[in-house]
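Structure, as C-alpha cells:
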Amino acid sequence: MPFRCRFALVVCVAGLLFALPAHAQGRHGGGADAPPPQAPALWKGKASMSGKVVDGAGKGVADAKVTLVLTENNSGFFVTTKKNGEFDAKDIKPGEWRVQTEAPNFVVVRQTVKVADGKNPPLSIVVKRDNSPELLAKADAAFKAGQLDEARTEYLKVLEAHPELTAINRAIAFTYGKEKNNAEALKYLDLALAGNPDDAVLLQLAAATAIELNDPGRAMGYVARIDDSTISDPELLVNTAISMLNRRRSAEAITVLDRVVARFPEAADPYFYRGYAKMQANKGAEAKPDLEKYLEVAPTGAQAAQAKQMIASIK
C-alpha cells in the first residue's frame with residue numbers, strides 16, 4: 001500500500017531578506033566596522049577614484065553603499081554616497097577592483113573596474129529600482145492559485161535581480177514538483193542546495209525527488225549528507241523512507257530507518273515503517289521485533305491494526 005508523507009512544506013519566499021553579506025574588510029575613514037589598528041590595509045596605495053550613483057532618471061542616490069575589493073588580495077573597504085550620490089575612494093592601490101553598489105529599494109550592481117595609478121576618471125553607476133517584493137508577492141499568489149507557469153516566471157525575474165537569494169530556487173522547484181516534472185524540480189533543488197548545502201529539509205526533498213526519478217543511488221547520496229544531530233523530529237527521515245517504500249526500495253528504506261531508530265529510539269513510527277520495509281523485503285522474522293516494538297510504544301497508534309495483521313501473517 002502507498003503511504004503519504006506527512007511532513008508539511010510551505011512555500012514562503014516573500015519574507016526573504018535582500019541584504020548581501022559584507023565583502024568589505026574595513027571601512028574607509030574608520031568607524032565600528034573598521035579593522036583594528038594593527039590590521040594591514042592591503043588595499044592602500046597612491047591612486048584615487050571617485051564616482052556617482054544615480055537612478056534610472058539620473059538623480060543621485062544618497063546613502064548607497066559602495067563596496068570596493070582589490071582582486072589581487074581580496075581586501076577592501078566601503079564608502080557611502082553623499083546626498084547627491086557622489087563618493088570618493090582615496091589612497092588605493094592601482095589594479096583590478098570589484099565594485100558592488102547597493103541601496104534600499106534598488107537592485108545590487110556588481111562590476112569590475114581597472115584603476116590606474118594617480119587620479120582616475122569618475123565612475124557613473126546606474127542602479128535600477130527593485131520591484132522584487134512586488135514580484136515575489138505576485139509569484140506567491142500565482143503559486144497558491146495553481147498558476148505555476150506564471151509563478152515560475154515571476155520567481156525567475158526575482159532570481160535574475162538577486163542571484164544571492166538561492167532559496168528562491170526551492171520555490172521554483174516546487175512549481176515543477178506540482179507539475180510532476182521531477183527532473184526540473186531536482187535541478188532547482190540542487191541550485192538551492194548550492195547556497196544551503198546543509199539544509200536537511202532541502203536534502204530530504206531532493207532525496208524524495210530522486211526516488212521519484214527512480215535514481216536510488218542519487219537519493220542515498222542526499223540522505224548521506226543529512227547530519228542526524230541537526231534533526232529534531234524523526235518525521236524528516238521517515239518521510240524519505242516512505243518515498244522509498246512507495247517505490248519498493250526496501251533496502252534503502254531500511255538503511256534510512258536504521259538511522260532514525262538510532263537517533264530517536266523512543267519514537268514509534270520508525271519501528272513500524274522499518275518492520276513494513278522488512279516485510280516488503282520478505283524478511284518477516286526480522287520484521288516481527290520492529291512491529292512488536294511499535295505496538296509496545298504506541299498500542300493505539302494509527303498503524304496498530306496493520307501492525308497486528310502483519311505480525312499474524314508471519315509464520
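The values are calculated or read from the model by the stated rules, or taken from the named source; none is laboratory data. Note that this is a predicted model, so its numbers are computed, not measured. Heads up, the Cβs are rebuilt from the backbone with ideal geometry, glycines too, and the neighbour counts pull from every protein chain shown.
Quick notes on this one:
- Residue 289 falls short on exactly one of the conditions (1) modelled with pLDDT of 95 or more; (2) surrounded by fewer than 16 Cβ atoms within 10 Å (Cβ to Cβ); (3) within 23 Å of residue 197 (Cα to Cα), and that condition is (3).
- Scanning region 59-87 for residues that are modelled with pLDDT of 95 or more, surrounded by fewer than 22 Cβ atoms within 10 Å (Cβ to Cβ) and of a type in the set (Gly, Ala, Ser) turns up 60, 62.
- Enumeration of residues in region 192-214 that are charged (D, E, K, R) and either touching a residue at least 12 places away in the same chain (Cβ under 8 Å) or under 18 Å from residue 176 (Cα atoms) (or both): 198, 212
- Residues of region 217-235 that are surrounded by fewer than 18 Cβ atoms within 10 Å (Cβ to Cβ), within 17 Å of residue 206 (Cβ to Cβ) and not charged (D, E, K, R): 217, 221, 224, 230.
- Search result, residues across region 111-149 that are free of Cβ contacts under 8 Å to residues at least 12 places away in the same chain and surrounded by 14 or more Cβ atoms within 10 Å (Cβ to Cβ): 131, 141, 147
- Candidate set: region 160-210, residues that are among the hydroxyl-bearing types (Ser, Thr, Tyr) and under 28 Å from residue 100 (Cβ atoms); chosen: the one modelled with the highest pLDDT: 188
- Taken over region 89-104, the criterion of being out of contact with any Lys or Arg (no Cβ under 9 Å at 6 or more places or on another chain) and farther than 13 Å from residue 125 by Cβ is satisfied by 90, 104.
- Residue within region 127-143 that is modelled with pLDDT of 95 or more and polar (S, T, N, Q) present: no
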